[in-house]
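Quick notes on the structure that follows.
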Amino acid sequence: MNDWKIIGQLISMGKALFWDLQGTLGGDAVASIELFEPYSFSKEALKLAKDNGYRNIVITNQSRIGKGTLSLEAYEREANRIQEFFNSDEVLIDEIFCCPHQSSDHCECKKPKTGLIQFAVEKYMLDIKKCFVIGDMGKNEIVMAYNAGCKGVLVLTGGGKGSLGEFRHTWTGYEAHIIADNALQAVKEILKEKL
């Protein structure tokens, strides 16, 4: 790696996109991760973000683990499969963070709580004001962005249209900073922001 590339990476330190997984980068919003298939535009979206100095960090709620309907081993196998797909040519996803808990566990990591964002901010030395949360569930991603002190982007794939319609009451009092048709458009809109 040449010196100029290293300098460029150091200058861009601190920016990240916190991605939801299912319904945002692929698959069905509420289906098992075992059925996850990436959307055709997702790899391009992650690459565009990475090329513009953003880390791509996935944060996913996987309550099936806590409920006992998905084993931790099966989750890890699927998470590895997803990372191998997106990172086959270059590292586009820096890490996937998972909350395995049910709501009744009262953890600090289940979206819209911010435990996993706080962990990522410390691990990767992020400036939360330069970060965005992208997802299809207003009650999870948009509320989490607000709780964390960054901007939230709602995509209309997965459960996004329902989030704006019949489920809007689940995140009343909150607004998405950006509403985008999909993950790729979300990144393009983010790149227009003056940070």
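The values are calculated or read from the model by the stated rules, or taken from the named source; none is laboratory data. If you're wondering where the values come from, they're calculated on a predicted model, not measured in any experiment. Don't worry about glycine lacking a Cβ; one is built from the backbone with ideal geometry, like all the others, and counts go over all protein chains shown. Ligands, DNA and RNA are stripped out before the accessible areas are found, and what is left, the full protein with its side chains, is counted by its heavy atoms. Shrake-Rupley method; radii C 1.70, N 1.55, O 1.52, S 1.80 Å.
When residue 131 is tested against (1) buried (at least 21 other Cβ atoms within 10 Å of the Cβ); (2) over 13 Å from the mean Cα position of the chain (by Cα), only condition (2) is not met.
Looking at the structure I just gave you, is residue 36 under 18 Å from residue 16 (Cβ atoms) and open to solvent by less than 40 Å² (accessible area, probe 1.4 Å)? The answer is no for residue 36. Among the residues of segment 54-70, those that are over 12 Å from residue 93 (Cα atoms) and either open to solvent by 20 Å² or more (accessible area, probe 1.4 Å) or within 11 Å of the chain's Cα centre (by Cα) (or both) comprise 60, 61, 63, 64, 65, 66, 67, 68, 69.
Annotation: residue 125 fulfils all but one of (1) open to solvent by less than 20 Å² (accessible area, probe 1.4 Å); (2) in contact (Cβ under 8 Å) with a residue 60 or more places away in the chain; (3) farther than 22 Å from residue 64 by Cβ; the unmet one is (1). Here is the figure for segment 149-187: residues that are part of a helix (DSSP H, G or I) and touching a residue at least 40 places away in the same chain (Cβ under 8 Å) total 5. Taking segment 105-120 as the range and being assigned to a helix (DSSP H, G or I), in contact (Cβ under 8 Å) with a residue 24 or more places away in the chain and open to solvent by less than 40 Å² (accessible area, probe 1.4 Å) as the test, the residues that pass are 116, 117, 120. Hey, does segment 9-19 have a residue that's at pLDDT 95 or above, touching an Asp or Glu at 6+ places or on another chain (Cβ under 7 Å) and among the aliphatic types (A, V, I, L, M)? Among the residues of segment 9-19, not one is at pLDDT 95 or above, touching an Asp or Glu at 6+ places or on another chain (Cβ under 7 Å) and among the aliphatic types (A, V, I, L, M), which makes the answer no.
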